[in-house]
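**Q** Have a look at the structure that comes next, please.
The values are calculated or read from the model by the stated rules, or taken from the named source; none is laboratory data. Since this is a predicted model, take the numbers as computed values, not measurements. Counting neighbours? That spans all protein chains shown, and the Cβs are built from the backbone with ideal geometry, glycine included. Side chains are part of the model used for accessible areas, which takes the heavy atoms of the whole protein and leaves out ligands, DNA and RNA. Shrake-Rupley method; radii C 1.70, N 1.55, O 1.52, S 1.80 Å.
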Amino acid sequence: MSITLALIRRIDESRRWRHAIHPQPTRNPMKITVQTQVRSNIDAVWSAYSNPDDITQWNSASDDWHTPHCRVDLREGGTFSTRMEAKDGSMGFDFEGTYTRVVPQQLIEYRMSDGREVAVHFEDGADGVLVRVVFDAETENSPEIQQQGWQSILDSFGRYVGTSHGAG
């Protein structure tokens, strides 16, 4: 076998292995939507969703998880990193991405580190602010599990804003 052919085969094997470890997003991934109605004003809702000090207070799907630290550079091209951990220290991960579009008090779009995309819509109304999150599903967990997890976090957000910022 020629050196060139052997090299091509190694490169091909390396690509297949890399894609198995870091799967590329599908062209038309399934979209999942979660939402909550927050009985507060748009200023309080926007601030709580984008301020790292606030995010560490509400960003968990259950009481046995928490967010010990968070970094946010909320601008197009800016990045974020949120550390999510089990309170007992048994597991954790960094939720990271890059903001692709920011329209103050209306929309935050970002691309997660795995390539999936998320859009967070803020709709101000007479009964408060509707926060709707639309995200690309991943392939490791069922859509139902993903929806439940993201909905739990968004519900935690709504409770936090309602308690800490009042129905302004």
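**Q** Looking at Asp54, is it open to solvent by less than 50 Å² (accessible area, probe 1.4 Å), modelled with pLDDT of 95 or more and part of a helix (DSSP H, G or I)?
**A** So Asp54 fits the description; yes.
**Q** Also: Give the residue that is least open to solvent (accessible area, probe 1.4 Å), with candidates limited to residues of the stretch 37-48 that are part of a helix (DSSP H, G or I) and in contact with a strand residue (DSSP E or B) (Cβ under 7 Å, 6 or more places away or on another chain).
**A** Val45
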